[in-house]
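Inspection log for the structure reproduced underneath, given as structure tokens.
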Amino acid sequence: MLELRPSVNRLWPNIRTAIGFIVLASAGCSPSAPSHLPNPVLLPAYAVGNAIHNASYNARRAKVKTYVSQNFKALHQDILGGDGSALEMAYQLAGVPEANRPALTQMLAAEPNLTKDPEALTVSLMVHGG
């Protein structure tokens with residue numbers, strides 16, 4: 001007579017789960033549909049690009065910080081006066097667009113904490129820099 005035996009292939013549920021996972025993961029990589037997941041093939045390129053961008057930003061920030069620390073009193077006087085060569089040089093180093101400089105100078109003059117801390121002035125310049 002025929003005997004009823006359990007399935008010999010006990011891996012079928014695991015295989016089905018793996019196939020389902022692969023299908024869902026590949027759906028997130030679709031180039032035509034909107035997705036918050038980046039293309040995994042491009043992740044190494046994104047990492048290299050991000051490292052280059054961070055290195056250039058850190059180098060520019062170090063220049064701005066050194067300049068602000070060495071010329072802090074002159075910068076403070078230029079900010080209160082509304083213009084000056086030290087302030088223009090700081091703007092150039094930070095990459096602040098010329099169109100934004102007058103408004104930024106007024107904002108810096110109105111902020112009392114920037115007269116005490118070179119680091120705060122450096123951060124303000126870098127935030128508004130390009």
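The values are calculated or read from the model by the stated rules, or taken from the named source; none is laboratory data. From a predicted model like this one, the values you see are computed outputs, not experimental measurements. We place every Cβ from the backbone using ideal geometry, glycine too, and count neighbours over all the protein chains shown.
Taken together, the criteria exclude LYS73 from residues that are modelled with pLDDT of 90 or more, surrounded by 14 or more Cβ atoms within 10 Å (Cβ to Cβ) and not hydroxyl-bearing (Ser, Thr, Tyr). Out of curiosity, is ALA45 outside any loop (DSSP other than H, G, I, E, B) and modelled with pLDDT under 90? When the stated conditions are applied, ALA45 passes them. Taking the stated definitions as given, is LEU24 buried (at least 16 other Cβ atoms within 10 Å of the Cβ), free of Cβ contacts under 8 Å to residues at least 24 places away in the same chain and part of a helix (DSSP H, G or I)? So LEU24 does not fit the description; no. Take region 55-89 and flag every residue that is closer than 20 Å to ALA103 by Cα and within 19 Å of the chain's Cα centre (by Cα). Across region 55-89, the qualifying residue is only VAL64. With the condition kept exactly as written, say whether any residue in region 91-100 is of a type in the set (Ser, Thr, Tyr), part of a helix (DSSP H, G or I) and at pLDDT 90 or above. Checking region 91-100: at least one residue is of a type in the set (Ser, Thr, Tyr), part of a helix (DSSP H, G or I) and at pLDDT 90 or above. Taking the criterion of being in a helix (DSSP H, G or I), touching a residue at least 12 places away in the same chain (Cβ under 8 Å) and not aromatic (Phe, Trp, Tyr), the residues of region 63-77 that qualify are LYS63, VAL64, LYS65, VAL68, SER69, ALA74, LEU75, HIS76.
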